[in-house]
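Read the structure below first, then the notes.
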Amino acid sequence: MKIIMLGAPGAGKGTQAKRIADKWQIPHVSTGDIFRANIKQGTELGNKAKAFIDKGMLVPDELTIELVIDRLQQSDCANGYVLDGYPRTIPQAESLTSELNKLGESVDYAINVDVPDENIVRRMGGRRACLTCGATYHIAYAQPKQEGICDRCQNALVLRDDDKPETVLKRLDVYHAQTQPLIEYYENQGILRTVDGTMDMEDVFKAIVDILGA
Ligand code: ADP
Ligand code: ADP
Ligand code: ZN
């Protein structure tokens, strides 16, 4: 099964993608996580990407598209994957469609997690991230067992630099300008499904399971 998660920054794409990956035993491929791992390791890609991420801008397509195409060719993706944070631009979506077409394949569903901007700003201030394993928490809605410590790997949780309010507002603008057009793109392919992302996490997941078939 090949799934794409669409939605504004903070809509809950990563939260739901992890659960989909667990239930269907497919890899969770998050471009944000890949960039953050590269930044942490100080790779050339990481250094280039950081300049854009810190400003709330998208990393240019030239740096992003090839990275994802390579990742999806790895053997663990042979039975499908859940893509979180990719595509984010029309050229990224077109490249994914054409790479899959070459293999006679296609995406099964694009799940749009719909959350209004005002909820996003409130949600993001409470997000806490583990930059070691990629786990995500929320100070009110998804608390770790021990405050400030990752349940999975025991490392310290942080407020991501790009989750500060000024950068979140910029990222929302970028989302509306560059990523929201993908909703129509996948609607035209007949594979868009929208879920109400303002429900609690459990109910959002139930709505997704209804779409994908248990
Ligand atoms: P969020 O979880 O808030 O949606 P991500 O972790 O997916 O954020 O992405 C963080 C940042 O990484 C983005 O704001 C952007 O700068 C960069 N990024 C992630 N995915 C892409 C992509 N597909 N194209 C361009 N930039 C990306
Ligand atoms: P995205 O990957 O779309 O940027 P995340 O999955 O990281 O979004 O979620 C953003 C923040 O909101 C995290 O702190 C997460 O714990 C929290 N969150 C996710 N889904 C919900 C929900 N349905 N209700 C309340 N908070 C949520
Ligand atoms: Zn962790």
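A few points about this structure:
- Looking at 193, 171, just one residue is surrounded by 16 or more Cβ atoms within 10 Å (Cβ to Cβ) and in contact with a strand residue (DSSP E or B) (Cβ under 9 Å, 6 or more places away or on another chain), and that residue is 193.
- A Cβ distance below 9 Å, combined with a sequence gap of six or more or placement on separate chains, defines the contacts here; from region 138-150, residues that are touching a residue at least 24 places away in the same chain (Cβ under 8 Å) reach residues that are assigned to a loop (DSSP other than H, G, I, E, B) and more than 16 Å from ligand 1 (Cβ to nearest atom) in the pairs 141/200.
- Filter result for residue 128 (modelled with pLDDT under 95 and outside any loop (DSSP other than H, G, I, E, B)): no
- Applying the criterion of being assigned to a strand (DSSP E or B) and away from ligand 1 (no atom under 13 Å from the Cβ) to the residues of region 138-153, the residue that is nearest to residue 42 (Cα to Cα) is 149.
- Residue match in region 11-19 (condition: surrounded by fewer than 18 Cβ atoms within 10 Å (Cβ to Cβ) and either modelled with pLDDT under 95 or of a type in the set (Ser, Thr, Tyr) (or both)): no
- Failed item, numbered, when residue 48 is tested on (1) within 16 Å of ligand 3 (Cβ to nearest atom); (2) more than 30 Å from residue 196 (Cβ to Cβ): (1)
- Hits in region 16-53 - residues which are under 20 Å from residue 167 (Cβ atoms) and under 9 Å from the mean Cα position of the chain (by Cα): 30, 31, 32, 33
- Among the residues here, residue 148 qualifies as in contact with a Leu (Cβ under 6 Å, 6 or more places away or on another chain), modelled with pLDDT of 95 or more, loosely packed, with under 14 Cβ neighbours inside 10 Å and of a type outside the set (Val, Ile, Thr).
- The sole residue among 56, 14 that is within 16 Å of ligand 2 (Cβ to nearest atom) and within 17 Å of residue 137 (Cα to Cα) is 14.
- Every pair of residues 6+ apart whose Cβ atoms lie under 9 Å, when the first sits in region 151-168 and is of a type in the set (Gly, Ala, Ser) while the second is surrounded by 13 or more Cβ atoms within 10 Å (Cβ to Cβ): 156/130; 156/131; 156/132; 156/149; 156/150
- Within region 151-166, the set of residues being buried (at least 19 other Cβ atoms within 10 Å of the Cβ) and either touching a Pro at 6+ places or on another chain (Cβ under 8 Å) or at pLDDT 95 or above (or both) comprises 157 only.
The values are calculated or read from the model by the stated rules, or taken from the named source; none is laboratory data. Here the structure is a predicted model, which means the values were calculated and not measured. Positions of Cβ are generated from backbone atoms using ideal geometry, with glycine treated the same way; all protein chains shown enter the neighbour counts.
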